[in-house]
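First up is the structure itself, then whatever we jot down about it.
None of the figures in this text is laboratory data; all of them are computed from the coordinates on show. Everything numeric in this text was worked out from a predicted model, so none of it was measured. Backbone-built Cβ (ideal geometry, glycine too); neighbour counts: all protein chains shown.
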Amino acid sequence: MATAVGGPTVRRTLSSDDVIMRAGLVLLTVWLAVTVALPLWALLSKSFQNSDGDFVGLANYVRYFSTPAMFQSFWNSIAVALATTAIVLPLAFIYAYALTRSCIPARWLFQALALIPILAPSLLPAISLIYLFGNQGLFKDWLFGNSIYGPLGIVIAQVFYCFPHALMILATALSMADGRLYEAADVLGASRLRVFFTVTLPSAKYGVISAGFVIFTLVITDFGIAKVIGGRFNVLATDIYKQVIGQQNFAMGAVVGFVLLMPAVLAFLADRLVQRRQMAVLSARAVPLVPRPVPARDWGLFACCGVVAGLLAGILAVAVWASFIKFWPYNLSLTLNNYNFANFDPSGWAPYWTSVRMALWVAAIGTVIVFAGAYLVEKSRGFTVGRNLVQFLATLPLAVPGLVLGLGYIFFFNAPNNPLNFLYATLGILVINTIAHFYTVVHLTAVTALKQIDAEFEAVSASLRVPFYRTLMRVTVPICLPAILDIGVYLFVNAMTTVSAVIFLYSTDTKLASIAVVNMDEAGFTAAAAAMATMIVVTSAGVKLLQVALNHAFARRTQAWRRR
Amino acid sequence: MYGEAHWPAAATLGGTSAPFLRIRNLTKLFGGFAALKDVSLDIVGGEFVCFLGPSGCGKTTLLRAIAGLDIQSEGTIEQGGRDISGLPPSARDFGIVFQSYALFPNLTVAENVGYGLRSRKLRKAAIATRVAELLTLVGLPEYGAKYPAQISGGQQQRVALARALATSPGLLLLDEPLSALDARVRLRLRHEVKALQRRLGVTTIMVTHDQEEALTMADRIVVMNHGVIEQVGTPIEIYREPATPFVADFVGTMNFLDGVLVGAGRVRLGAAELECDSDGLAPGARVRVSIRPEDVRVRGLEAGILNRLAVEIAECDFMGSFCRASLRPAAMPEAVIQADFSINLMRDYDIEPGRHLEVALPPERLGVFARD
């Protein structure tokens, strides 16, 4: 018998399916390289150049770290991020615990209220705080002479902004509970407290760590809050803006961008490491835990959730209310004048409609690209190199703060020798940038949805000689419709609320609503800023409600084949 | 154009006609791990072949290589005289049923069955006729309008079978098709699938880890272990004359006793010497002797019966229609031989733990394997 080694390797013939899918993967790689990797590279190389574009090595970095005023921002950012994490984690944990492990009444309402901050730009809580505790604030005296402009205001606003993100992760972690462990603990006579510390907390451990990293990264990279309420308290995100927009010092802006990238990348890597360990928490044979009512606990948690949800809703309500006020705080009668944006900013309502248009484009184009990309990564055969490359490039944006990406876009797309520089200052570049900015989360949503489908659909259609795209359109897409809708809505809402990346990229013709909020706030028209922020919330909330309605309709129509 | 006559007529089993499927020197590497090592196999047209083995033995890898789903690293495959070694699945000619059935949940049963027909430019009426014909064939004529989630597991399995057969493929591949079903349904479907295959005469390969399934359904069984073929044979050959200790152990229950050959056809086990068939093994060779529990004889031990052993009954496990007894031979202090005794025999010989008894191990029922 011949030995197994050394025979001729098999020459494979590619089917037309394979050829199309590989071409798709190559296209996607190019797209992600142009919209993510190359701008980052442009930023990185810029940080090693002087203002004339000559290579100066680490000179910019040396100057940055030897200027105490600049380096101070780094520590400020870290301090604010740590404080926010320390406050949000326990709050979100209790809230998530109440939602998943107790029998509190009106659970759906609490779930909905907790998601409010996601629908608003991060500027909104900062504006509310100014109305409450600012120079003209209703409750200014409550601060005992402390100023809301600075770390105090930043941290409070960040808590509002980060809460739902932490909550979603913790609720997922806590909902994965093995009921058998609790029964075993019960049988062994463990006290409720002991069960909490020996069963509940360990199983949610990775969720807690992951949520911590997410909060930390969100705070470090957020621009809007520090811009509106930071006062003279400098953080990394506002430093970039000042260097680039204020002083036109692009090289130093690139350095700060790179410094900003570091903690975000570290947090991202640490989180990936933790996630990998989490896999085996729940075995396939686990029995889901069904919470039983314990009146004392449930009402206690109800009270906690009531306070938190009340504060979240209250902060939103203040901004909305203030947007209808004639002259805060001296004349509290209601008016629609603040919505007449032309009185405050020459572009009037145009930014709002630009935002809606941009968000629609982002949702439409982004959903197609993201879902097609995830499909190619998951379902194509062979071509491991291409698939791994796309997977890597798709995960990259999560670690890149919006400001950094936006700055990279300036360097890359504005370069005179770049054939793509016709995109500069168009709505197109805002759409492309926003898709790239939020790529990772939606990519992972699509991958998760695709992984839940039977892995052999493609094999079956190949054996029946049905081309893959027909099965994709006739089977895979219909099954994934809820996830696809989810992706579209996520992209739409984020496109409506984002400030950080696009602040470097808009032109007078393509000013967005969120940027109009920043501008009007800067010009002292806080009420108009609140009004525009309210318009953003209303629009996002409307789209979100539309999604709920569509999901209901979809569930009814497809009841027959979804029944288990 | 679609009808039962379209399938190639069943060739005579084991005949001299050219094999329908020729597999030569197949090796499949996953990273550094060889899932298949130099596997060669011929399958005759119309045959029902089972790939049998424990999980990780390479049986599914071999099936997926034949389908073109995971193309082998080395080696060739020919189907019907055509070299298909490197072809993608869509350029081959087969139908496949997976363990999960992979039915499209958002399409009705009829749409699932007709899925492969639509792309072949058939007129709607022709497709509907063909679908109805196939659903009748698998015994589900009334179920066309239902969705997969609305029918039972066994019915889903039959829909998957109908879908795989819809385009009249030359080869039917079944990847553990019955293992997701409960025991009762599984037994019934064994017969139905086998009967259907016989009626259509379609060459069929089924992967299974269930030896009973392989023994009842297959014309020939391919027993695999660690990426190589241990034995190919009819169910009776595999059971009666296992070629290796692995096959002997994996298929059915088998006793193994270690000993040494002391002469042609004589083996010493402990203090006992037994007659056996020791073809090709030299005296002095260390051997492993095997016997199935049902071959241990108690009745009719007249004078002249060979290989008698005095044993003590250590335990009796009640199995329903019979008892599995553990016997300790007096001549072999370490060894335990398991024997199946009918309830009838238990009564006649008053068998219970602690009793002493004489049994015989018939020479023609003893297997002898070299041991290192």
- Query: For A:F250, A:F144, A:F48, A:F55, what ranking results if the residue with the fewest other Cβ atoms within 10 Å of its Cβ goes first?
  - Reply: A:F144, A:F55, A:F48, A:F250
- For each of A:F371, B:F369, count neighbouring Cβ atoms within 10 Å of the residue's Cβ, then give the residues from fewest to most. B:F369, A:F371
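Taking the Cβ of A:P478 as the center, what net charge do the other residues with Cβ under 13 Å away carry, scoring Lys and Arg +1 and Asp and Glu -1? Write out the running numbers ahead of the final one.
Values: positive: A:R470, A:R474, A:R557, A:R562; negative: B:E111.
Result for the local shell: +3.
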- Item | C-alpha center-to-center spacing [region A:338-356, region B:282-321] in angstrom | 97
- Within straight-line cross-link reach of A:K326, aspartates and glutamates at Cα separation under 17 Å, skipping those fewer than 8 residues along the same chain: A:D521
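Please compute the net charge surrounding A:K451, taking Lys and Arg as +1 and Asp and Glu as -1 over other residues with Cβ under 12 Å from its Cβ. If you can, show how the numbers build up before the last one.
Numbers: positive: A:K379; negative: A:E378, A:D454.
With Lys, Arg at +1 and Asp, Glu at -1, the net is -1.
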- Query: How do B:E241, B:E74 line up, fewest other C-beta atoms within 10 Å first?
  - Reply: B:E241, B:E74
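Exceeding 30 Å between C-alpha atoms, which entries from my cross-link table qualify? They are A:K140/A:K227; B:K59/B:K194; B:K59/B:K124; A:K46/A:K379; B:K28/B:K146. Could you put the intermediate results ahead of the total?
Numbers: A:K140/A:K227 20 Å; B:K59/B:K194 20 Å; B:K59/B:K124 39 Å; A:K46/A:K379 38 Å; B:K28/B:K146 41 Å.
Where the Cα-Cα span goes over 30 Å, the pairs concerned are B:K59/B:K124; A:K46/A:K379; B:K28/B:K146.
Using Cα-Cα distances under 8 Å and only pairs 6 or more residues apart, what relative contact order does chain A have, in percent? List each step's numbers first, then the result.
Numbers: 771 pairs, mean separation 125.7, N = 564.
Averaging sequence separation for qualifying contacts and normalising by length gives 22 percent for chain A.
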- Message: Shape verdict for region B:110-206, please, from the Cα gyration tensor: rounded (a/c under 1.5), prolate (a/b greater than b/c) or oblate.
- Response: oblate
- Message: Just to confirm my numbers, what's the Cα centroid distance between region B:181-210 and region A:139-168 in Å?
- Response: 68
- Note on the structure: Residues whose modelled amide H sits under 5 Å from the amide H of A:F48, counting only those 5 or more places away in sequence or on another chain, are none
- Which peptide among A:376-389, A:501-514, A:293-306, A:220-233 comes first, and what is the full order, when sorted by highest mean count of other Cβ atoms within 10 Å? A:220-233, A:501-514, A:376-389, A:293-306
- Query: What size of dipole, in debye to the nearest 20, comes out for region A:406-540 about its Cα centre when the only charges are +1 on Lys and Arg C-beta atoms and -1 on Asp and Glu C-beta atoms?
  - Reply: 340
- Of the residues A:A523, A:N551, A:T539, the Cα lying farthest along the dipole of region A:429-564 towards its positive end, which is defined by charges on the beta carbon of Lys, Arg, Asp and Glu, belongs to A:N551
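List the relative contact order of region B:213-277 as a percent without decimals, with contacts defined as Cα pairs under 8 Å and 6+ residues apart. Intermediate values should be presented prior to the final figure.
Numbers: 73 pairs, mean separation 11.0, N = 65.
Value for region B:213-277: 17 percent.
Considering Cα pairs under 8 angstrom that are at least six residues apart, work out the relative contact order of region A:442-564 and quote it in whole percent.
Numbers: 60 pairs, mean separation 27.2, N = 123.
Relative contact order, region A:442-564: 22 percent.
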- Stretched out fully, how many nm does the piece from A:R63 to A:Q111 gain, at 0.36 nm a residue minus the Cα gap? 12.5 nm
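Given charges of +1 on the Cβ of Lys and Arg and -1 on the Cβ of Asp and Glu, with all other atoms neutral, how large is the dipole of region A:285-432 about its Cα centre, in debye to the nearest 20?
Values: 8 positive and 3 negative charges, 107 e Å.
Value, rounded to 20: 520 debye.
Dipole magnitude of the protein assembly as shown about its Cα centre, charges +1 at Lys/Arg Cβ and -1 at Asp/Glu Cβ only, in debye to the nearest 20? Could you put the intermediate results ahead of the total?
Numbers: 77 positive and 64 negative charges, 463 e Å.
Using Cβ point charges on Lys, Arg, Asp and Glu, the protein assembly as shown gives about 2220 debye.
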- Task: Specify which residue in the list B:F256, A:S514, A:G300 is farthest towards the positive end of the charge dipole of the protein assembly as shown, using unit charges on the beta carbon of Lys, Arg (+1) and Asp, Glu (-1), about the Cα centre.
- Result: A:S514
- Out of A:G150, A:N338, A:L450, whose Cα points farthest toward the positive end of the dipole of chain A (charges: +1 Lys, Arg; -1 Asp, Glu; placed on Cβ)? A:L450
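Given a Förster distance of 30 Å, report the FRET efficiency between A:K205 and A:L44 from their Cβ-Cβ distance, rounded to the nearest 0.05.
Details: r = 35 Å, r/R0 = 1.17.
That gives a FRET efficiency of 0.30.
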- Global geometry of region A:29-100, whether rounded, prolate or oblate, following the gyration tensor of its Cα atoms and the 1.5 cut on a/c: oblate
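Divide by every residue of chain A the summed helix terms, -39500 (n - 2.57) for each DSSP H run of at least 4, and state the resulting mean residue ellipticity at 222 nm, rounded to the nearest 500 deg cm²/dmol.
Numbers: 26 runs with 375 residues, N = 564.
Counting only the DSSP helices, I get -21500 deg cm²/dmol.
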- Note on the structure: CD proxy, 222 nm, chain B: helix-only mean residue ellipticity via -39,500 (n - 2.57) per DSSP H run with n ≥ 4, per residue, nearest 500, stands at -6500 deg cm²/dmol
- Item | Whole-angstrom gap from region A:437-461 to region A:96-137, using each part's C-alpha centre | 32
- Message: Which of rounded, prolate or oblate describes region B:57-132 when judged by the alpha-carbon gyration tensor and an a/c cut-off of 1.5?
- Response: oblate
- Query: For B:R286, what is the net charge nearby, where nearby means another residue's Cβ is under 15 Å from its Cβ and Lys, Arg count +1, Asp, Glu -1?
  - Reply: +2
